[in-house]
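Working notes, structure below.
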Amino acid sequence: MKIVLLCIISFLTIAALAQQKSVLFIGNSYTAVNNLPQLTRDLALSLGDTLIIDSNTPGGTTFNAHTTDAITMSKIAQGIWDYVILQAQSQEPSFPPAQVSVDTYPFAEQLVNAVRNANDCTIPLFFMTWGRQNGDQTNCASYSPLCTYDGMQARLRESYLEMGDDYNAEVSPVGAAWKYARDNHPGFTMYSIDGSHPSIYGSYLAACVHYVAMYKKSPVGASFITNLPAGDAAILQQIAEDVVLDSLDTWGIGRADVVSNFTTNETSLTINTINQSTNATNLLWYWGDGTTSSSLGDTTHNYTNSGTYTVSLVASNGCTSDSVSTSILISNLGVASINNLESLYFNKNQLTISFKTEGRRTLSIIDLTGKTIAKEDVYLLKYQKHIDISAGVYIVRIEGENKTYSRKIMVR
């Protein structure tokens, strides 16, 4: 038997506001009740942020129906959104996987594709909803997980996370936060009288979760609490922080963001950089000596003078950018490799050096001012020592075989 939808219609509408940094809410009555878009906007404003909102939320609407809804598709096609929040009909993602794969996923993908066709930089954000107060009794006999709230919630979570992963989108885990509230604060009335739609507690929690998902910062301390008791609103704010900020990777939040990162090694007046950035299509290097260069891969830069330089990398992809900097010590000592050096690494204040053969070498640890912190002769194949030094950048220098090897270490 194919499970059927029970559509509960709400006639609430949300007026489109003038657009700036903006979000489009696509959903149905779960989004419309208590005017969730406006709650989210007011919450953001009270935290010093701006959120311009628009929506299309006809009661009971499925993803399938939204793909042929002229209002939905025309709003998406405007291409002016930072986020498009996509909320499915409240039951359909909880149905058996085989049914969801036919009735829900293809249309979720169509909506995501429409969002990206309108603007590559817009982030599709799936709105994970909550299980009904006592499960979905209408369909319990056909699919046992729906007989309880926990079973229905588990299926909703699974389906929304699969949509996020499959379509490289992000997930606003309202349902996960809702479960935390139910489990830990049973005195909160999260549902309206029908046991399905949200009370103001439920909608305010949803607004807090959406805020964290979009701004990637905590709503704790927001002065806007609608008509909730201040203490209860503070608890809901904290739940949103705990559920979302502590698990951004779980929800795929920031999965498309550019992250700038690199490592270096230095020999004589040359620095070699190893790019470890993610999602970047352009890299701009600032070498600290007044010069710059652009390269997508690993690169090399030659300095004319010894000294301490700040090397910075700005990574971008046309939508977002990120930067990172590090200080390096460049010396014209003419360092070269020691043939018998096998490895050198530093971890948790433990310096470990391995050589291929035994022999006398002199080990020095030098700070960036040139002061020698430690110095001793090393004879064994493997040298290990706990080094109790303050946080900072140091140079490990090994002298032997008429050659010198230097390497920077970072103490945190």
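Below, the figures for the structure above:
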{"read-out": "Some residue of region 205-216 being more than 15 Å from residue 87 (Cα to Cα), among the β-branched types (Val, Ile, Thr), part of a helix (DSSP H, G or I) and in contact with a Pro (Cβ under 7 Å, 6 or more places away or on another chain)", "value": "yes"}
{"read-out": "Residue that is nearest to residue 315 (Cα to Cα), among those in region 250-303 that are part of a loop (DSSP other than H, G, I, E, B) and aromatic (Phe, Trp, Tyr)", "value": "287"}
{"read-out": "Residue in region 31-39 that is modelled with pLDDT of 95 or more, among the hydroxyl-bearing types (Ser, Thr, Tyr) and within 20 Å of residue 172 (Cβ to Cβ) present", "value": "yes"}
{"read-out": "Residue satisfying all of: in region 161-172; in contact (Cβ under 8 Å) with a residue 60 or more places away in the chain and over 14 Å from residue 93 (Cα atoms); surrounded by the most Cβ atoms within 10 Å (Cβ to Cβ) among these", "value": "172"}
{"read-out": "Extreme residue, surrounded by the most Cβ atoms within 10 Å (Cβ to Cβ), among residues of region 207-254 that are within 15 Å of residue 36 (Cβ to Cβ) and within 13 Å of the chain's Cα centre (by Cα)", "value": "213"}
{"read-out": "Selection count where residues are within 23 Å of the chain's Cα centre (by Cα) and not acidic (Asp, Glu), scope region 119-144", "value": "11"}
{"read-out": "Matching residues, region 355-386, being part of a strand (DSSP E or B), within 41 Å of the chain's Cα centre (by Cα) and among the β-branched types (Val, Ile, Thr)", "value": "365, 366, 373"}
{"read-out": "One residue from 222, 234 being assigned to a helix (DSSP H, G or I) and at pLDDT 95 or above", "value": "234"}
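To keep it simple, each residue is scored yes or no on (1) at negative phi; (2) modelled with pLDDT of 80 or more; (3) not hydrophobic (A, V, I, L, M, F, W, C).
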residue	(1), (2), (3)
344	yes, no, no
349	no, no, yes
360	yes, yes, yes
377	yes, yes, yes
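The values are calculated or read from the model by the stated rules, or taken from the named source; none is laboratory data. This one's a predicted model, so the numbers in the text were calculated from it and none came from an experiment. Cβ atoms come from the backbone with ideal geometry, glycine included; neighbour counts cover every protein chain shown.
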